[in-house]
Each structure stands twice: as structure tokens, then as C-alpha cells.
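One structure is given here, and the rest of the page talks about it.
Read-outs throughout are calculated quantities, based only on the coordinates presented, and are distinct from any laboratory measurement. What you see is a predicted model; the values in this text were computed from it and never measured. Positions of Cβ are backbone-derived with ideal geometry, glycine not excepted, and every protein chain shown enters the neighbour counts.
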Amino acid sequence: MAKRGKLQNNAEYLTTRLLLGALETLPRPVAVAAGRKFGALTYRTLGNLRRTGERNLQLAFPEKSEGERERILQASFASLGRLLGEFSHLSRHTPESLRAAVDYDETGMSYLDEARATGRGIIFLTLHLGAWELLSFAHSAIHHPLAFMVRRLDNPLLETFVDARRTRFGNETIDKKSAVRRALKVLREGGTLGILGDLNTQPQEGVFVPFFGIPACTTAGIAMLTLRTDAVIVPACAPWDERQGKYIFQGQKMIDLERSGDNEKDVLAITTACTQAIENFVRAYPEQWLWVHKRWRTRPPGEPDLYGTRHPSGVEAVKENA
């Protein structure tokens with residue numbers, strides 16, 4: 001990676017501050033609406049991202065019509081814009097205003113309570129769906145702070161700016177590049193650790209498990225943390241509910257599989273269960289997931305690139321290998 005210069009860092013920082021600062025001056029509903037408009041604009045202008053989203057939707061939902069997939073992708077861009085509007089107001093939120101913006105599904109909370117009753121550490125398994133930034137932020141203000149893993153931004157000015165907002169109500173961010181020791185301590189002490197588990201990873205860091213029936217290289221870190229600390233996993237996300245006008249915390253039953261004693265087998269089983277939980281959320285709220293990420297970029301040995309200019313149009317062959 002080329003070395004970043006001070007001029008580039010300053011330009012990125014000032015541009016971001018101006019954009020978010022402008023949105024912050026607006027009432028939150030107006031800022032969110034403006035963010036959605038910005039998302040719609042990027043759908044029309046960022047062709048590379050749009051093509052990635054189109055390919056992902058073709059792989060995940062081959063049974064849907066092209067028009068249906070286009071509608072999902074357009075909504076996904078708008079959802080990303082909505083998150084931009086929400087992020088601009090993190091510095092202004094209070095616990096009271098967050099209670100007006102976020103609600104908790106009773107069933108999802110019962111799964112969380114069940115996990116807490118074990119007295120063990122909890123891994124919040126979440127994904128880039130809905131308001132993932134607001135999920136941890138609101139939880140720290142309304143319930144209790146937690147730790148969560150992040151990839152530090154390359155721009156140190158932006159990283160300081162973003163981190164200050166994420167941690168306003170006591171959350172702790174842990175750098176993914178040096179996370180193991182701190183993550184183990186949090187979980188062994190019975191704490192809560194948030195991890196995004198829906199991104200492509202490299203073979204040395206993950207295992208291949210089915211995601212929408214297609215082998216996807218998926219982080220093995222969540223399973224390894226669970227095995228080393230005896231933590232339980234609670235899948236959770238916060239999709240936007242148009243009817244209620246709020247983000248609703250949604251949880252699934254905790255993942256706490258019986259150990260076989262074979263570490264490799266257990267890592268695969270836990271990772272498979274986590275990925276299935278993530279797929280369940282994406283299927284429930286496809287319009288709010290991050291389709292512009294190349295989730296199937298890393299391929300098993302011998303399999304073709306699914307994003308190349310000459311990729312196969314069908315998905316039957318790759319799903320047969322899942």
C-alpha cells in the first residue's frame with residue numbers, strides 16, 4: 001500500500017467533516033432523508049459498486065427477476081445513505097433520543113437474557129445490515145457498554161474523529177489487527193464483544209462454509225474465541241422498521257454448540273452456524289444489507305473468479321460445491 005501523505009489525510013478529513021457537519025446541523029429526520037438521497041445518487045454514479053451488487057444478488061437470489069434484484073440493490077444504497085445521516089447525529093444523541101430511535105424486539109431480548117443467565121462471555125455476532133453503527137452505540141447508552149472489533153481507518157485524523165463518536169457512552173473499540181489478547185480478556189471476564197462476521201476473508205484467516213449455498217471464505221476467529229473462552233454467541237442486528245419509524249433490535253437464539261474435542265471440526269461447525277444466522281438476517285431484510293462487498297471473492301482452490309469479466313452466468317455449479 002502506498003504511503004499516505006499529510007495533504008491526502010487532511011483533504012479526506014476536511015471533506016468528511018464538512019459533509020457530516022452539514023448533516024448534523026439538520027434535524028435528524030431531514031439528515032437521514034438527505035443521506036438516503038445521497039445513497040440513491042451513488043447508485044447511479046458508482047458503477048463498479050453497482051455491478052458488484054448486481055452480481056452478488058444474481059448469486060444469492062437467482063430465482064428472483066432482474067427487476068426484483070434491481071429494487072433490492074437500489075434500496076440497499078438508500079439504506080447505506082440512511083446510516084450516513086444517522087452517523088452524523090451520534091454526537092448529538094442522548095439516551096432519551098436513542099430510545100425514541102431504537103426499540104428492542106421482545107423475543108430478541110429474551111435470547112440476550114438467556115445468554116446473560118449463563119454467566120459466560122457473550123459475542124454479539126452482527127453484520128453490515130440496517131444501522132450496525134447505531135446498534136452498538138445505542139446499546140451502550142440504553143443498556144450497558146460493550147467492546148467491539150473494528151478495522152482502524154488508514155487516515156489517523158478520521159480514525160480519531162470516528163472513534164470518539166463510537167465510544168461516547170463507554171464502548172471500547174478493539175483493533176482487529178491486534179485484537180486477540182484484549183478480546184480474550186473481555187470474554188473471560190464475562191463481558192460482551194461485538195464482531196461483524198459477514199465479510200470475505202483470506203484462506204489463512206478463515207474457512208469455507210456455505211453462504212446462500214455458495215462456499216464463502218469466512219473468518220474462523222469467532223469460533224476460535226468461543227472455543228478458547230467458552231463464550232456464547234448471540235446473532236443480532238438492527239434493521240429499520242418503516243411502520244414503526246425505528247430501528248428494531250433483532251436477535252436469534254444463542255449459538256452454543258456441543259464441543260466434539262476436534263478443534264478443526266468444531267471451528268467449522270461454529271462458523272457454519274454463525275454464517276447461517278447471518279444469512280437468515282439477510283434473507284429477512286435483503287434491502288438493508290451491504291451487497292456492494294465482494295463476499296465470494298476468495299475462492300476454494302481450482303474454482304473460478306465469480307467477479308471477473310468472464311464469470312459464468314449461472315450459479316448451479318458453484319452451489320453444488322457448497
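Things to note:
- Phi-derived couplings, Karplus 6.51 cos²θ - 1.76 cosθ + 1.60 at θ = phi - 60°, listed residue by residue for segment 220-228: 8, x, 5, 5, 5, 5, 4, 5, 7 Hz, with x used for Gly and Pro.
- Whole-Hz couplings from phi, Karplus 6.51/-1.76/1.60, listed for segment 92-100; x for Gly and Pro: 9, 5, 10, x, 5, 5, 5, 5, 7
- Inter-part distance, segment 116-143 to segment 86-106, computed on C-alpha centroids, equals 14 Å.
- Placed amide H near residue 241: partners under 5 Å, 5+ positions off or other chain: 246, 247, 248
- In the chain, helices alone account for a calculated mean residue ellipticity at 222 nm of -15500 deg cm²/dmol, with every DSSP H run of four or more residues adding -39,500 (n - 2.57).
- Cα centroid of segment 219-257 to Cα centroid of segment 1-38, whole Å: 29 Å
- Since only 296, 156, 31 are under comparison, the one whose Cα sits farthest along the positive direction of the charge dipole of the chain, derived from C-beta charges on Lys, Arg, Asp and Glu, is 156.
- Taking a ≥ b ≥ c as the square roots of the eigenvalues of the alpha carbon gyration tensor, segment 163-322 is oblate, as a/c is not under 1.5 and a/b does not beat b/c.
- Between residue 22 and residue 46, residue separation times 0.36 nm minus the direct Cα-Cα distance comes to 6.4 nm.
- Phi to ³J(HN,Hα) by Karplus 6.51 cos²θ - 1.76 cosθ + 1.60 over segment 61-75, Hz, x for Gly, Pro: 10, x, 7, 7, 6, 4, x, 5, 5, 5, 4, 4, 5, 4, 5
- Calculated on C-alpha atoms, the gyration radius of the chain divided by its Kirkwood radius gives an Rg/Rh of 0.95.
- Each DSSP beta bridge with both residues in segment 6-320 is either parallel or antiparallel, and the antiparallel ones are about 40%.
- Modelled FRET efficiency - R0 35 Å, residue 294 with residue 258, Cβ distances, 0.05 increments: 0.55
- Rounded, prolate or oblate (a/c below 1.5 giving rounded, otherwise prolate when a/b exceeds b/c) for segment 66-149 by Cα gyration tensor: oblate
- For the residue pairs 185/265; 185/294; 6/246; 176/253; 64/246; 6/177, the C-alpha atoms sit more than 30 angstrom apart in 185/294; 6/246.
- Amide H contacts under 5 Å for residue 198, placed H, 5+ residues apart: 128
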